[in-house]
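Novice: The structure that follows is given in the form of C-alpha cells.
The values are calculated or read from the model by the stated rules, or taken from the named source; none is laboratory data. Quick caveat, the model's predicted, so the values are computed rather than measured. Glycine also receives a Cβ, built like all others from the backbone with ideal geometry; neighbour counts cover every protein chain displayed. Areas reflect the complete protein model, heavy atoms only, side chains present, ligands, DNA and RNA absent. Shrake-Rupley method; radii C 1.70, N 1.55, O 1.52, S 1.80 Å.
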Number of protein chains: 2
Amino acid sequence: MTPGVGRNTDAPAPRSADVAHLAGVSRKTVSRVLNNEPYVSDEARRRVLEAAEQLGYRLNHAARALASGRTRTIGVVALGTAGYGTASLLVHIEHAVRDAGYALRIVNTPDGDPKSIAGAVETLLEQGVDAIVVSEPVVEGEVSVRVDVPVLFLGAPPAFTAARTLTVDIAAHQLARAATEHLLDLGHLTVHHLAGPLRWYASKDRLEGWRAALTARGARKPPVVEGDWSPASGHAAGRELASDPDVTAVFAAGDEMAIGLIHALREAGRRVPQDVSVVGFDGNSVFAYITPPLTTARQPFQAAAREGIRRLVHTIEKPDTDLPPPIDPPIELILRGSTAPPPPHQG
Amino acid sequence: MTPGVGRNTDAPAPRSADVAHLAGVSRKTVSRVLNNEPYVSDEARRRVLEAAEQLGYRLNHAARALASGRTRTIGVVALGTAGYGTASLLVHIEHAVRDAGYALRIVNTPDGDPKSIAGAVETLLEQGVDAIVVSEPVVEGEVSVRVDVPVLFLGAPPAFTAARTLTVDIAAHQLARAATEHLLDLGHLTVHHLAGPLRWYASKDRLEGWRAALTARGARKPPVVEGDWSPASGHAAGRELASDPDVTAVFAAGDEMAIGLIHALREAGRRVPQDVSVVGFDGNSVFAYITPPLTTARQPFQAAAREGIRRLVHTIEKPDTDLPPPIDPPIELILRGSTAPPPPHQG
DNA sequence: TTGAAAGCGCTAACAC
DNA sequence: GTGTTAGCGCTTTCAA
C-alpha cells in the first residue's frame, strides 16, 4: 500500500498521461478529477484516483501554474526579526493559507522600509504568487512596484498601490486606547507611553490610541519615549522614566519593552505595581508567569489572519463578487498583576 | 525609470521573447544572461539587461521550473506553534536560504508525529522544491514517503529515508550537559530535570545530556518531570517539585517552562536562586530582564541554519563533490541570576 | 559566442 | 460526460 514501493527508484516520475493510460481515460479527464471539476462519472473518478495512487503520482505544480496562469500560492512579506508578534501572526497566516488550499511563500524583511518591501514584493512576484500579504509595513515614503495580484495589508493602510488592495485591521488603536483607559480608570492622573520606533505604522497607531484616551479624559499628555521593540530599549527608557516622580503609569507598545521597563524601574527602587503601573502589548502568555505578571493588550492575530486570508482568497477566486462583510476583531485586555491604583499623593 | 510606467496595465506581461526581440538577440541568449551562463559577449549581455529593464520583464519561475526540472526553492517543515525557538530558527533559515539564492516554501506541522511530517513532506514535494528541511522532528515510528530530493534534518537524526540525507546538530546534548554541570559546579548534590514531551527527539537529547552530566559526577539521578514546552506545564511541574525539600537545582528543557517553574517555586515560598537554582534552555534575551534574570543555554540557531543550508545547497548543486567539513556549533551558557550555590544543608 | 527546434507536464478551448 | 488539439514561457539539446 505504500506509494511507490516496488517502483524502480530511477524511473522517471509518473505523469498525468501515465495515470490516464492506466485508468483508461484521457489526460483531460485526469485533470478534471484532480481539480475536482464537475462532469466526471463516478466510475471514471474512481479509476483515476486508483491509478494515481497505484503509480504514486504527484501532480506537477510548475506545469499547472504555467498552463493555468495560477500558482495556488500566496506570498507573505514578513517583517522584523523573531519577535513573538511576528512569529505568532505568521503561524496563523500559514494555517489560514493552508486551510484555504493554498501554498505559502515567505520573504522576510528585517527593516520594513519601502525599498526593502518593494524588493520583497518583486521577489515574490517573480517566484509566482496569486496574492501577497504584507504584514504591518512601516510607513515612510512610497513603494513603487508594478503589482497585478491582490495585496492584503495586515494591520496597516496600503503601503503601495496594487491592482486590488485589501486591508484588515488588528485593532491596535482600540487596544492601545483600552490599555490607557484601564490605567486612567485605576486613578492615575496620566499615563506615559513607551512607543515602538515611530517610523513604524504600528507604533503610530498605538500612540494615537493612547493619545485619544488621554484627550477623551482631559489628561495631561507627557512626552513620548521611543524604543525599538527590544527589552534593552525598554530598559533604557525605564531608567529615564524612573527618575521622574510624576510617572505612575506607563503603557508600553510591546510586551518585551514592558519587561525591560519594569526591570529598570525596580532597579531604581520603584515598585511595580505599587509605585508604577505598567501595561504591555501583544499578549504572550509566558509573561503571566513572571513577577509581577504583566497586564497586557492581546493582539487578535488569529482572527486577523483568518479574516484577511478569507478576503484575499475571495478576491483571487471570485474577483467579481462582493467581499463578505468584515468581522470586527475582538478587543481583549488581559488584566494581571502589573497594574494597580497610584500611590497616595505625596504633597 | 520606474519599471512598467507608461506600459498599458492590461497588456500581457512581457516574455523572454519580447526581451530577445528588443535586444536583437535570440531567446536562448536572453536565457543565458538571466542565468549567468558563460559564453555571452559583454555587448549582448548589456543589451539584454537593458531591454529587460525597459520592458519591466519578470522571469516566469513556473516555466523555468517546468523546463529545467529545478525550482530553486527549498521547502521547510516547521514544527510546533509560535515558540521562540521555532520562530528564531525559521528566521535564520529564511535568511540563509535567501542568501543562497533560493526561494522558501513553508509548511507548519503543529504536532510533529511521523504521519503529519509525511503529509507535510508530500505537500512540499508536490508544490515543487529542490530540497527539504525538517526541523527537530519527533521520533516515534517511521515516516514513509518517497523522497527524491535531498533532506536536511536540523537538530535530530533522520526521521525517514531519502535519496540523500543530511544532518546538522544543534548541540543540544552538549548544552544540556553544560547546563547541568554548571549547577553541579555550584555545589548542588544533584540536579532535577524538567523535560519537554518525551516523544520529541529534542527532549530526549537534552535529557541524555543532563543524565550524562550526572553520571560523570556520580550524582544521584532523580526522576524526570515531563512538560509540554508551555509555561503552564512548567508551572505545574514547579508545584510538584516545590514540595520536595531535596530539590535545590532544576534544569528545564525550555526557557518558557523555566519561567513557569520559577513562578510556582516562588508561590510555594521557595526563593530562586537562594533556595532553588534554575537553568533554562533556548536563550531568549527577554528573560535577562525578569527577576531573577534567567540563566540559560543558548541554542546556536543561526550557526545551525547557516551550516545546514550551506550543506544542503552544496548537495543540490554539486551532488558529486564532497561536502565541506562540518563546522561545530558554538556552545554558550548564559550565566545570569537564577543560579547560585545550594542553601546550607538543613540536617 | 550564438541560434533553431523540440519539449518540460499540465490545462483551456472547443469539439464530440 | 468525455476526448482532441494547441499552447503556457522557459531551457535543453545540438548545430552553426
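Novice: Mind checking the full-extension length gain between A:R239 and A:L189? Use 0.36 nm per residue of separation minus the Cα-Cα distance, one decimal, nm.
Specialist: Once the chain is fully extended between A:R239 and A:L189, it gains 15.9 nm.
Novice: Moving to a separate point now. Remind me, relative contact order of region A:270-334 in percent, using alpha carbon pairs under 8 angstrom and six or more residues apart?
Specialist: Numbers: 57 pairs, mean separation 21.5, N = 65.
Answer for region A:270-334 is 33 percent.
Novice: Debye calculation, C-alpha points only, no solvent: report log10 I(q)/I(0) for the protein assembly as shown at q = 0.05 Å⁻¹, in the same order as the q values.
Specialist: Listed by q, the Debye log ratios stand at -0.28.
Novice: Another question, if that's okay. Find the Rg to Rh ratio for region B:72-168, where Rh is the Kirkwood radius over alpha-carbon pairs and Rg uses the same atoms.
Specialist: We get a ratio of 0.92 for region B:72-168.
Novice: Let me ask something else. If I compute solvent accessible area with a 1.4 Å probe over the protein chains, what percent of it on region B:50-143 is carbon and sulfur?
Specialist: 50
Novice: Please give the helix B:42-55 orientation as an angle from the longest Cα principal axis of chain B, in degrees from 0 to 90, rounded to the nearest 10.
Specialist: Roughly 80 degrees between the two axes.
Novice: Then there is this: Roughly how big is the A-B contact, given as buried accessible area in Å² (both sides, 1.4 Å probe, nearest 100)?
Specialist: Using a 1.4 Å probe on protein heavy atoms, the buried area is about 4700 Å².
Novice: With the solvent-accessible surface defined on protein heavy atoms using a 1.4 Å probe, which residues belonging to region A:285-309 display a reduction of at least 20 Å² in accessible area in the multichain context relative to the isolated chain?
Specialist: By number: A:V286, A:F287, A:Y289, A:I290, A:T291.
Novice: Counting pairs of alpha carbon atoms under 8 Å apart in space and at least six apart in sequence, what relative contact order in percent does chain B give?
Specialist: Working: 672 pairs, mean separation 46.2, N = 347.
The value is 13 percent.
Novice: So what's region B:1-153 giving for Cα Rg divided by 2.2 N^0.38 Å, two decimals?
Specialist: Details: Rg = 20.1 Å, N = 153, 2.2 N^0.38 = 14.9 Å.
Ratio of Cα Rg to 2.2 N^0.38 Å: 1.35.
Novice: Another one. Suppose all protein chains stay in the model; what accessible area per residue would a 1.4 Å probe give for the protein assembly as shown, in Å²?
Specialist: Per residue, the protein assembly as shown has 43 Å² of solvent-accessible surface.
Novice: What list of whole percents do you get for P(r) of region A:88-236, with Cα-Cα distances grouped in 5 Å bins up to the one holding the largest distance?
Specialist: Binned Cα distances yield the sequence 2, 9, 15, 18, 17, 13, 10, 8, 5, 2, 1, 0.
Novice: OK, next. If you find the alpha carbon centre of region A:301-347 and of region B:294-339, how far apart are they in angstrom?
Specialist: Taking the Cα centre of region B:294-339 as reference, the centre of region A:301-347 is 37 Å away.
Novice: Just to confirm my numbers, what's the Cα centroid distance between region B:111-165 and region A:209-247 in Å?
Specialist: 48
Novice: Right, next: Projecting each Cα onto the charge dipole of region A:33-73 (Lys/Arg +1, Asp/Glu -1 at the beta carbon, about the Cα centre), which of A:T71, A:V48, A:P38 comes out farthest on the positive side?
Specialist: Among A:T71, A:V48, A:P38, the one farthest towards the positive end of the dipole of region A:33-73 is A:T71.
Novice: Give a quick list of chymotrypsin sites (Phe, Trp or Tyr not before Pro) in region A:53-110 that DSSP marks as loop, anything other than H, G, I, E or B, with at most 13 other Cβ atoms within 10 Å.
Specialist: Working: sites: A:Y57, A:Y84, A:Y102; in loops: A:Y57, A:Y102.
In loop regions of region A:53-110 (DSSP not H, G, I, E or B), there are no sparsely surrounded chymotrypsin sites (Phe, Trp or Tyr not before Pro).
Novice: Hey, if you put +1 on the Cβ of every Lys and Arg and -1 on every Asp and Glu Cβ in the protein assembly as shown, which of B:T165, A:A176, A:T291 ends up farthest toward the positive end of that dipole?
Specialist: Of B:T165, A:A176, A:T291, it is B:T165.
Novice: Next question. Given springs between every Cα pair under 10 Å in a Gaussian network model of chain B, which of B:V286, B:V107, B:V40 has the largest fluctuation?
Specialist: Checking each option, the largest mean-square fluctuation is seen for B:V40.
Novice: Could I ask something else about it? For region B:61-75, list whatever residues lose no less than 50 Å² of accessible surface once every protein chain is in place, relative to that chain by itself, with the probe at 1.4 Å.
Specialist: Relative to the lone chain, where solvent access is computed with a 1.4 Å probe, region B:61-75 loses at least 50 Å² at B:H61, B:A62, B:L66.
Novice: Further, regarding this structure: Compute, for chain A, the length of the dipole vector about the Cα centre, with Cβ point charges of +1 (Lys, Arg) and -1 (Asp, Glu) only. Units Debye, rounded to 20.
Specialist: For this selection, approximately 700 debye.
Novice: Where does region B:223-264 land on the Kirkwood hydrodynamic radius, alpha-carbon pairs, in angstrom? Walk me through the numbers on the way to the answer.
Specialist: Working: mean 1/r = 0.1019 Å⁻¹.
Here the Kirkwood hydrodynamic radius works out to 9.8 Å.
Novice: Follow-up. Using only the alpha carbons, work out the radius of gyration and Dmax of region B:119-183 in angstrom.
Specialist: Taking only Cα atoms of region B:119-183, I get Rg and Dmax of 14.5, 48 Å.
Novice: Sticking with this one: GNM on chain A, C-alpha springs below 10 Å: top fluctuator among A:E50, A:E332, A:E317?
Specialist: A:E50
Novice: Looking at the axis that maps chain B onto chain A, which chain B residue has the closest Cβ, and how far off is it in Å, rounded to a whole number?
Specialist: Closest Cβ on chain B to the axis mapping it onto A, in Å: B:A87, 2.
Novice: Return the Rg/Rh value of chain B, two decimal places, where both radii are evaluated on C-alpha atoms and Rh is the Kirkwood radius.
Specialist: Reported Rg/Rh (Cα atoms, Kirkwood Rh): 1.13.
Novice: Just to make sure I understand: if all protein chains stay in place, what is the order of B:R46, A:R32, A:R311 by accessible area at 1.4 Å, largest first?
Specialist: Final ranking, largest accessible area leading: B:R46, A:R32, A:R311.
Novice: Another question, if that's okay. Along the charge dipole of chain B, Cβ charges K/R +1 and D/E -1, which of B:S16, B:P341, B:G141 sits furthest on the positive end?
Specialist: Positive-end residue among those listed: B:S16.
Novice: Output needed for region B:172-299: three equivalent-ellipsoid semi-axes, defined as square roots of 5 times the C-alpha gyration tensor eigenvalues, in descending order, whole Å.
Specialist: Semi-axes, largest first: 19, 16, 14 Å.
Novice: Taking each residue of A:103-109 in turn, how many C-beta atoms of other protein chains fall within 10 Å of its C-beta, and what is the average? Present the calculation step by step, with values, prior to reporting the outcome.
Specialist: Working: counts 9, 6, 6, 9, 5, 9, 0.
Mean partner shielding for this stretch: 6.
Novice: Can you show me the helix-derived [θ] at 222 nm for the protein assembly as shown, built from DSSP H runs with n ≥ 4 at -39,500 (n - 2.57) apiece and divided by the number of residues, rounded to the nearest 500. Working shown, then result.
Specialist: Values: 22 runs with 282 residues, N = 694.
Dividing the helical sum by the residues of the protein assembly as shown leaves -13000 deg cm²/dmol.
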